[in-house]
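The values are calculated or read from the model by the stated rules, or taken from the named source; none is laboratory data. All values reported here derive from a predicted model rather than from experimental measurement. Cβ placement follows ideal geometry from the backbone for every residue including glycine, while neighbour counts extend to all protein chains displayed. Heavy atoms of the whole protein, side chains included, go into the accessibility calculation; ligands, DNA and RNA do not. Shrake-Rupley method; radii C 1.70, N 1.55, O 1.52, S 1.80 Å.
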Amino acid sequence: MNIVVLIKLVPDLVEELTIDSGGAGLDLTFARWIINEFDDHALEQGILLKERHGGTVTVVAPDLEGADDVLFTAAAKDADRLIKVKGDFTMANNHALARAFSAIIKDLQADLILTGVQAHNDLDGSAGPLLAECLQLPYVGYVSGVAVNDGKSTIRKEYPGGLLAEMEVALPTVLGIQAAEQPPRYVAVSKVRQAMKTSSIEELDASDLNPDGAAEIGRMFQPEAAAHAEMIEGSPEEVSAKLVGLFKELGVL
Amino acid sequence: MSQDIYVVIEHLRGQVADISYTMLAGARELSPAAGGKVVAVLLGHNAKDLAKDFAADQVLYLDHAALAEFTSDAYQLALADLIGKDQPRAILFGNTSIGADVASVLSMRLGLPLVNSCRSFTSNAKFISQICGGKIMAEGELPSPTALVTMVPGGYSPDQGRSVDSPPIAESAVPALEALRVTLSKYIEPESADVDISKEPLLIAVGRGIQNQDNIELADALAQAIGGVVCASRPVIDQGWLSTSRLVGKSGKQVKPKVYFAMGISGAPEHVEAITQSGTIIAVNTDPKAPIFDIAKYGVQMDLFELVEVLTGQLKAKV
Ligand SMILES: Cc1cc2nc3c(=O)[nH]c(=O)nc-3n(C[C@H](O)[C@H](O)[C@H](O)COP(=O)(O)OP(=O)(O)OC[C@H]3O[C@@H](n4cnc5c(N)ncnc54)[C@H](O)[C@@H]3O)c2cc1C
């Protein structure tokens, strides 16, 4: 079975976010790009399926700062083939990403294409369903379990409140992974270093970075909260004493 | 072509989801500027009865056996056909397990622009979307002539989209729904739980800031000392540190305790949407800019590990 995992890199939310001088986009000059956390779950699900059914896992990522790290980490987790898609992806939206990736994934004869259900900067839709339509494949998102039998996949799709739907999806398909069946595995830095020596990254050119399909953004801003919490200050002891008082006042103690 | 605002009603097993009413409220804000009607679009099978309290000018009902339960393929086909025929000004979907399976696909299929994660509209037809875990808002003109939009909760109360009268219902033709690639086999009920966190008056909530499974004990000890119940954000559940029944948020439970005490939770929109009914939110976080402080009544900017044992100790001394 050929499994392809599509990875999107996103600015790390732990870093301070600033708006650029134009006022309509993020200033990404110093952004730290990290793997979209749900793509990490997609990779884990791909590796789990390979362990269960055999086959190969190909990981595809856009050429952004940090892509090599993400790809070699995937290799250390036992991904077989690493592809970096060359092009200027800093400002590329998901429509452009999906079109570019579809041109490359088309040739990979994938049975299953896994990607994160969404990313925090999805302003024009999510990469998975956009890619699925470019490839004319079915799409199901919010997936937290995948089994493969007899040329079709049986997936578990999440609804609110813990309800799951079991669905059958014809292969090949694109699935938007919400959570892998087990938490993404940890790999030691030494294994990643080793992967850097033993595996290589193929570089392929993005044929097309066509962004059509998004709305124009007039302005970006940081939300002004209607209110801000009243901050309780002091040493841990002082804060605790105030909290105990507060719990009493609120009638829960 | 019309200036109407279509709202794709989401429902699951006979229950209309709140996001549907939130979207109807958004559509009502948008429709005067657009100069069209608010149209609730209901897909289902023998499901006409669901259309009784929509704050819409009209209901379009699409009935087909393949639409009895949600599947992405069938919804995509039916809606692509409807949107192609009617070309409304905008079509609103939930940014949910249902809407997110459909909206992006239709954007590519029909060549229509998509606005994702819209929280509200302005009276002059601009959208305001929420991205980056709630840290950034993006505003723009709703693309013409037809825009697809997915909506998140928070901008409108569902009650604004409910009505006492039922709007007139018209049936709309459904195209052939054949060669479907996605089919529903069954629903799997949530695992039964020892406690129902949606009914508990005092919740001790932990997030990724709790770092590892062993530290859950710290939250347990605090909960025991004060007589509360431990619950968590999604990363904690996904790690398997607590059972799914303790999940608070979009994919878990909505909660409404008297006090919600959140430690090491950033306040991502998918978490926040489920805690706004709480009486008082108290948040402990090291990051002064954590969005949770914008909705909490009280905040403590502190390393939770410096606080939790001291607090537990003081509570134990009291009782
Ligand atoms: C479709 C979908 C559905 C989702 N459903 C849910 C859902 O139901 N529930 C849910 O919670 N999430 C849900 N999410 C995930 C959501 O987007 C966030 O990723 C998640 O809520 C983040 O959890 P967190 O706040 O615990 O972690 P983070 O966002 O990583 O925040 C951790 C916080 O802990 C703070 N911190 C770190 N160390 C300490 C310390 N020592 N002391 C004090 N503070 C510390 C940090 O400053 C940070 O603010 C969903 C996502 C998607 C895409």
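What the table below lists for this structure:
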read-out	value
Spans of strands (runs of 3 or more DSSP E) in the stretch B:11-102 with at least 1 residues open to solvent by 10 Å² or more (accessible area, probe 1.4 Å) and either within 16 Å of the ligand (Cβ to nearest atom) or within 18 Å of residue B:153 (Cβ to Cβ) (or both)	none
Subset of the stretch B:270-291 [farther than 20 Å from residue A:164 by Cα, open to solvent by less than 50 Å² (accessible area, probe 1.4 Å) and near the ligand (Cβ under 7 Å from one of its atoms)]	B:284, B:285, B:290
Failed condition for residue A:180, given (1) in a loop (DSSP other than H, G, I, E, B); (2) open to solvent by 90 Å² or more (accessible area, probe 1.4 Å); (3) at pLDDT 95 or above	(2)
Qualifying residue in the stretch B:301-312 (condition: more than 8 Å from the ligand (Cβ to nearest atom), at the interface with chain A (Cβ under 9 Å from one of its Cβ atoms), more than 18 Å from the chain's Cα centre (by Cα) and assigned to a loop (DSSP other than H, G, I, E, B))	no
Extreme residue, farthest from the chain's Cα centre (by Cα), among residues of the stretch B:105-141 that are within 30 Å of residue A:16 (Cα to Cα) and of a type in the set (Ser, Thr, Tyr)	B:122
Residue A:36 vs. criteria among the polar types (S, T, N, Q), open to solvent by less than 10 Å² (accessible area, probe 1.4 Å) and under 29 Å from residue A:162 (Cα atoms)	yes
Test: residue A:193 is more than 7 Å from chain B (Cβ to nearest Cβ), out of contact with any Pro (no Cβ under 7 Å at 6 or more places or on another chain), open to solvent by less than 70 Å² (accessible area, probe 1.4 Å) and farther than 30 Å from residue B:315 by Cβ	no
So residue B:259, is it over 20 Å from residue B:211 (Cα atoms), touching a residue at least 60 places away in the same chain (Cβ under 8 Å), of a type in the set (A, V, I, L, M, F, W, C) and not assigned by TED's automatic domain parsing to the domain that holds residue B:153	no
Qualifying residue in the stretch B:257-268 (condition: within 8 Å of the ligand (Cβ to nearest atom), among the hydroxyl-bearing types (Ser, Thr, Tyr) and more than 9 Å from chain A (Cβ to nearest Cβ))	no
Subset tally (residues that are within 12 Å of chain A (Cβ to nearest Cβ) and either among the aromatic types (Phe, Trp, Tyr) or surrounded by fewer than 18 Cβ atoms within 10 Å (Cβ to Cβ) (or both)) for the stretch B:205-238	4
Every pair of residues 6+ apart whose Cβ atoms lie under 9 Å, when the first sits in the stretch A:217-232 and is within 7 Å of chain B (Cβ to nearest Cβ) while the second is among the acidic types (Asp, Glu) and in a loop (DSSP other than H, G, I, E, B)	A:220/A:20
Subset of the stretch A:135-157 (residues that are buried (at least 22 other Cβ atoms within 10 Å of the Cβ) and either in contact with a Gly (Cβ under 7 Å, 6 or more places away or on another chain) or within 7 Å of chain B (Cβ to nearest Cβ) (or both))	A:138, A:139, A:140, A:141, A:142, A:143, A:155, A:157
Residue within the stretch B:168-178 that is over 22 Å from the mean Cα position of the chain (by Cα) and at pLDDT below 95 present	yes
Answer from A:115, A:73 - the residue that is within 14 Å of chain B (Cβ to nearest Cβ), under 16 Å from residue A:4 (Cα atoms), of a type outside the set (A, V, I, L, M) and within 17 Å of the chain's Cα centre (by Cα)	A:115
Qualifying residue in the stretch B:273-294 (condition: more than 10 Å from chain A (Cβ to nearest Cβ) and in a helix (DSSP H, G or I))	no
Residue in the stretch B:122-142 that is away from chain A (no Cβ under 13 Å) and at pLDDT below 95 present	yes
Pairs with Cβ under 6 Å, 6+ apart, first in the stretch B:223-251 and under 17 Å from residue B:210 (Cα atoms) and touching a residue at least 12 places away in the same chain (Cβ under 8 Å), second part of a strand (DSSP E or B) and within 7 Å of the ligand (Cβ to nearest atom)	B:231/B:248; B:237/B:247
Conditions (1) closer than 16 Å to residue A:204 by Cα; (2) part of a helix (DSSP H, G or I); (3) basic (Lys, Arg): number failed by residue A:84	(2)
Tally, over the stretch B:147-195, of residues that are of a type in the set (Asp, Glu) and in contact (Cβ under 8 Å) with a residue 24 or more places away in the chain	4
Subset of the stretch B:239-254 [away from the ligand (no atom under 11 Å from the Cβ) and either at the interface with another protein chain (Cβ under 7 Å from one of its Cβ atoms) or under 19 Å from the mean Cα position of the chain (by Cα) (or both)]	B:240, B:245
The stretch B:131-186, residues that are touching a Cys at 6+ places or on another chain (Cβ under 7 Å) and of a type outside the set (Val, Ile, Thr)	B:151
